[in-house]
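Shown next, in structure tokens, is the structure this report addresses.
Quick note: the coordinates plus some simple rules give every number you see, no bench work behind them. Since the model is a prediction, treat every value here as computed from it, not as a measurement. Please note: Cβ atoms are built from the backbone with ideal geometry, for glycine as well, and neighbour counts cover all protein chains shown.
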Amino acid sequence: MTLTGSLDKLGQYILLMRKVITVPQKWGVFFRQLVKEINKLGVDSISIVIIISFFIGAVIVIQIALNISNPLLPRYTVGYTSREIILLEFSSTIMCLILAGKVGSNISSEIGTMRVTEQIDALEIMGVNSANYLILPKMVGLMVFVPVLVVLSMFFGIIGGFGVCYFTDAVPVADFAYGLQSFFNEFYIWYAIMKTIFFAFLISSVAAYYGYFAQGGSLDVGKASTNAVVVTSILILISDLIITDLMMG
Amino acid sequence: MIEVKDLVKAFDGREVLKKISMTFEEGKTNLIIGRSGSGKTVLLKNLVGLMRPTSGQILYDNRDLTQMSTDNMKSLRQEMGMIFQGSALFDAMTVFENVYFPLEMFSTLSKEEKEKRTQFCLDRVNLSDAGHLFPSEISGGMMKRAAIARAIALNPKYLFCDEPNSGLDPQTSLVIDKLIHEITKEYNITTIVNTHDMNSVMNIGEKIFFIKEGNLEWEGDSGSVLLSQNQALNDFVFASDLFKKVKEVEVEEMKENKTKP
């Protein structure tokens, strides 16, 4: 991709966001759409978030227990380190990368299909601001619900870790629990939530952008969907680096 | 009435529409015909404002679409209805919700009145019992009828139809043509139909515009299509053997009428 091509896309994205971030034409319709989107994008992701968090939480504890088995390190280090990993990176960044795949492809393919079947043109002909009507509820819905998913992910990640301690002899449960409570900084929770709200904005807006400007047929919608996931994932990783440096550095 | 004056549309310097001027009359079914790639769809998209012309004017009862602000364009669009080639019904909504949608967005009627109006539109296109079905559950002809119901929900002054018969069997095509024609007369709408279908030309073409390579090659009514001496029009209209025969019969009849005392 050339530099001018990238700048073109950036400009197109900013112009689209200008159309999206405006007052809805009908608040009643907007709130109805918002509830639908929260259900579709957020509530429907709860099960996958719980399953992934539980197992990754368990694996994190096993790996840390295996790799830092040193008599000089206290046993509670496993609980402490696992908590920091889950809170700071896994439940926020890695979970958002997973959501970029699930939710991002959903948004992109839905809007892309509406584009190639002229449903977006039909909205425009009626005088509806199609970008605002279709994209804003998705963006707001995901940004509102992602903190819930993050907190759930943190909780079930730690439950997964507890499960390992309870059913194996990797770390005694009491040591793990002591480690979890040691040197706790409440700001880390807020940091994770703030970060994920920004990631939710990226996931929904970038996926919507790729869908909205899809052209051609079903193959092109698939391509737009793949591009949306790839670009969103890269942007999440880059912005994670910047946000971490700004807020924690 | 819609007037098009010296309309030019170019893509990367290549002119697809070349200074086209035409007038679409109120209460009439105006047909745009032409070969694939002749510029019909580009013309229609310019007319409804989905594309911006390179130059020229599009006057909706003396209101120039090309000079309109976004707000004025939005209010003009509430006077338009459009039937897309693939119907473009919203997949996530039932047929009833599809027809109700423009009323919900723009009408000041009460909820009961909007529902009544929706049911009236569905009754008008003979879809009284299909309101609860989703677009994926109905046939192509029913989709087109639902699209017509949605297009007339807000009592439009201008109705645009992009190849309304594509993908339909001849009988269903006749039903759709008849419906479009009746609605045009009933509500005195300025209707513009983009079509390839010669049956439509003969059945409902009150005013016909033939576009060739971005130019307005010919205009007239369905009667004069058969008798036109325009070679390009004849090549297009009488490409099928059936219409060749029709023309031969018509010309024979005319000769006989002339020789009769």
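Here A:Val146 passes the criteria (1) more than 14 Å from chain B (Cβ to nearest Cβ); (2) assigned to a helix (DSSP H, G or I); (3) more than 13 Å from the chain's Cα centre (by Cα) except the one numbered (3). Each residue in segment A:115-137 was checked for being within 17 Å of A:Gln215 (Cα to Cα), at the interface with chain B (Cβ under 8 Å from one of its Cβ atoms) and not in a loop (DSSP other than H, G, I, E, B), and 4 pass. Only one of the numbered conditions (1) in a helix (DSSP H, G or I); (2) within 16 Å of the chain's Cα centre (by Cα) is not met by B:Asp235, and that is (2).
The single condition among (1) over 21 Å from A:Trp27 (Cα atoms); (2) free of Cβ contacts under 8 Å to residues at least 40 places away in the same chain; (3) charged (D, E, K, R) that A:Glu124 does not meet is (1).
For segment A:98-114, the candidate set comprises residues that are buried (at least 24 other Cβ atoms within 10 Å of the Cβ) and within 14 Å of another protein chain (Cβ to nearest Cβ); within that set, the residue that is farthest from B:Phe84 (Cα to Cα) is A:Ile107.
No other residue among A:Ser6, A:Ser69, A:Ser91 is outside any helix (DSSP H, G or I) and of a type in the set (Ser, Thr, Tyr) apart from A:Ser69. Set side by side, the residues A:Val43, A:Val29 differ, and just one is among the aliphatic types (A, V, I, L, M), assigned to a helix (DSSP H, G or I) and farther than 26 Å from A:Val230 by Cα, which is A:Val29. Could you please let me know if B:Ile58 is away from chain A (no Cβ under 14 Å) and under 25 Å from B:Ile148 (Cα atoms)? The answer is yes for B:Ile58.
The set of residues from segment B:74-106 being small (Gly, Ala, Ser), without any contact (Cβ under 8 Å) to a residue 60 or more places away in the chain and not in a loop (DSSP other than H, G, I, E, B) comprises just one member, B:Ser75.
For A:Thr117, the test of being free of Cβ contacts under 8 Å to residues at least 12 places away in the same chain, among the hydroxyl-bearing types (Ser, Thr, Tyr) and farther than 20 Å from A:Gln25 by Cβ is passed.
Could you please give the count of residues in segment B:90-130 that are within 14 Å of chain A (Cβ to nearest Cβ) and charged (D, E, K, R)? Final tally of qualifying residues: 5.
Of the residues making up segment B:67-89, just one is over 16 Å from B:Leu44 (Cβ atoms), touching a Lys or Arg at 6+ places or on another chain (Cβ under 9 Å) and within 8 Å of another protein chain (Cβ to nearest Cβ), namely B:Leu89.
Applying a threshold of 8 Å to beta carbon distances and a minimum spacing of six or more residues, or different chains, the list of pairs starting in segment B:107-128 at a residue that is within 28 Å of B:Gly140 (Cβ to Cβ) and ending at one that is surrounded by 15 or more Cβ atoms within 10 Å (Cβ to Cβ) and among the basic types (Lys, Arg) reads B:Cys121/B:Arg150; B:Val125/B:Arg145; B:Asn126/B:Arg145; B:Leu127/B:Arg145. Residues in segment B:153-180 that are within 14 Å of chain A (Cβ to nearest Cβ) and surrounded by fewer than 17 Cβ atoms within 10 Å (Cβ to Cβ): B:Asn155, B:Ser166, B:Gly167.
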